[in-house]
1. Scan the stretch B:310-323 and tell me whether some residue there is within 14 Å of chain A (Cβ to nearest Cβ), in contact with a strand residue (DSSP E or B) (Cβ under 8 Å, 6 or more places away or on another chain), within 30 Å of residue B:358 (Cβ to Cβ) and part of a loop (DSSP other than H, G, I, E, B).
2. Go through the stretch B:205-216 and give me each residue that's within 14 Å of chain A (Cβ to nearest Cβ) and touching a residue at least 40 places away in the same chain (Cβ under 8 Å).
3. Test of understanding: among B:223, B:237, B:219, B:242, which residue is within 14 Å of chain A (Cβ to nearest Cβ) and modelled with pLDDT of 95 or more?
4. At pLDDT 95 or above and more than 14 Å from every other protein chain (Cβ to nearest Cβ): which single residue out of B:275, B:256 fits that description?
5. For residue B:175, state whether it is part of a strand (DSSP E or B), touching a helix residue (DSSP H, G or I) at 6+ places or on another chain (Cβ under 6 Å) and not assigned by TED's automatic domain parsing to the domain that holds residue B:71.
6. Taking the stretch B:259-269 as the region of interest, how many residues are touching a helix residue (DSSP H, G or I) at 6+ places or on another chain (Cβ under 9 Å) and either within 14 Å of chain A (Cβ to nearest Cβ) or in a loop (DSSP other than H, G, I, E, B) (or both)?
7. May I ask you to list the residues in the stretch B:43-65 that are farther than 20 Å from residue B:241 by Cα and out of contact with any helix residue (DSSP H, G or I) (no Cβ under 7 Å at 6 or more places or on another chain)?
């Protein structure tokens with residue numbers, strides 16, 4: 001079980017959190033103008049890197065807030081967590 | 001060099017019983033400068049692909065590369081369950097194709113893969129489960145696939161250790177049974193395909209990690225860079241399970257995949273007690289007994305993507321709690337080992353088999369949490385796809401471009417869980 005540092009509540013066990021997948025996915029402003037491949041890409045294509053991954057988590061059973069987490073997917077080590085709007089290094 | 005493998009028979013057993021040791025069953029090859037086909041990943045699917053390419057299409061200039069050892073990834077880490085009771089017609093055709101090949105595989109390979117049709121029992125614990133499984137039973141029967149509905153008493157008769165009493169935390173309201181489903185020896189599947197492919201001239205190259213995919217001026221894939229030097233290839237098939245995204249990124253192709261750790265564990269060995277495979281989607285646990293006597297238990301995936309091949313302890317604990325509720329007599333069994341494998345899941349929980357935007361580059365991936373059962377069928381139709389340069393009819397619906405067209409094969413909704 002991971003120990004995840006919530007930017008508001010500090011380190012808490014993983015089962016208080018909900019994973020939200022890759023961070024920074026932006027829904028096209030005008031879906032009708034996007035090609036099928038482009039829309040499919042938004043919906044389905046993911047970076048899925050081996051190494052540094054910038055991802056969304058929510059402290060569901062805590063403060064309830066969303067945040068961004070930088071984690072290494074090989075070691076599962078968390079480098080940093082960030083409040084929404086904060087710059088991610 | 002092509003070498004005929006020893007033909008296993010009663011006579012060869014007798015001879016070896018007299019003291020002769022068995023010879024190596026496949027060649028641990030060194031890479032040549034180039035091949036007609038390079039397959040990346042020497043798991044069951046990759047080795048089966050090489051075998052059918054050599055046997056059915058006469059293409060024998062093949063290398064199967066692996067960054068580790070043969071069958072050391074998910075092929076050696078799964079819970080060996082085989083079944084074909086899928087809901088969607090495309091999936092049913094795919095998994096039934098595999099099941100039909102399983103039934104004759106030991107004879108085909110002259111290698112005992114220990115396929116045992118002991119039956120797969122899928123438990124219904126609530127009204128929704130009952131409706132969903134009955135729908136599966138009816139759909140399968142229309143597809144010509146065996147699947148039947150059992151009452152709780154009939155389920156208990158088929159699987160005596162099952163607890164169906166009214167005090168059960170997860171009451172059993174019935175079960176779907178596929179009698180032709182069962183298990184096989186996972187390692188033997190990799191070994192059997194490796195041995196048969198090697199005998200036809202296929203080079204199996206271990207400890208050879210692919211570090212790049214080489215493309216010519218037209219953009220076509222023409223080879224791979226590896227830790228053992230560059231290898232040219234007229235066609236490349238990526239069959240790399242959890243690491244597919246990483247490999248395809250080397251050719252600039254983004255994939256609709258996420259990789260998660262999936263865990264399994266085995267108990268200490270005990271006398272025969274589980275006559276079949278039991279699966280419960282609702283509590284997410286599946287269990288069978290190996291021929292060595294260990295109970296083989298499958299757990300769920302972690303919540304987050306990872307390449308750690310471990311998985312959280314709480315995931316395995318939740319599964320064991322469910323197993324002990326369904327089978328109270330297993331409470332005092334000790335667990336011997338647990339481990340994780342990295343599974344590549346697609347948004348619709350169906351695999352991707354076919355061509356890619358890069359000419360010469362083919363992919364077979366996305367088997368998620370349930371690829372072992374498909375091994376022979378997957379290899380068979382992927383071999384056809386590689387040999388002919390167009391998707392085999394069974395593979396066609398599983399194209400990569402379904403994520404642009406929207407023609408998904410939604411087994412995620414059909415099974416509601418990992419499968």
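The values are calculated or read from the model by the stated rules, or taken from the named source; none is laboratory data. Source: prediction; values computed, not measured. A quick note on method: Cβ atoms are made from the backbone with ideal geometry, for glycine too, and the neighbour counts reach across all protein chains shown.
1. No, every residue in the stretch B:310-323 fails to be within 14 Å of chain A (Cβ to nearest Cβ), in contact with a strand residue (DSSP E or B) (Cβ under 8 Å, 6 or more places away or on another chain), within 30 Å of residue B:358 (Cβ to Cβ) and part of a loop (DSSP other than H, G, I, E, B).
2. B:209, B:210
3. Going through B:223, B:237, B:219, B:242 in turn, just one is within 14 Å of chain A (Cβ to nearest Cβ) and modelled with pLDDT of 95 or more: B:242.
4. Result of the check over B:275, B:256: B:275.
5. Judged against the criteria, residue B:175 is a match.
6. 4
7. B:55, B:58, B:61
Residue-wise test of (1) touching a helix residue (DSSP H, G or I) at 6+ places or on another chain (Cβ under 7 Å); (2) farther than 16 Å from residue B:92 by Cα; (3) buried (at least 21 other Cβ atoms within 10 Å of the Cβ).
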| residue | (1), (2), (3) |
| --- | --- |
| B:360 | no, yes, yes |
| B:366 | no, yes, yes |
| B:373 | yes, no, yes |
| B:377 | yes, no, yes |
| B:382 | yes, yes, yes |
| B:387 | yes, yes, no |
| B:390 | no, yes, no |
| B:405 | yes, yes, no |
| B:411 | yes, no, yes |
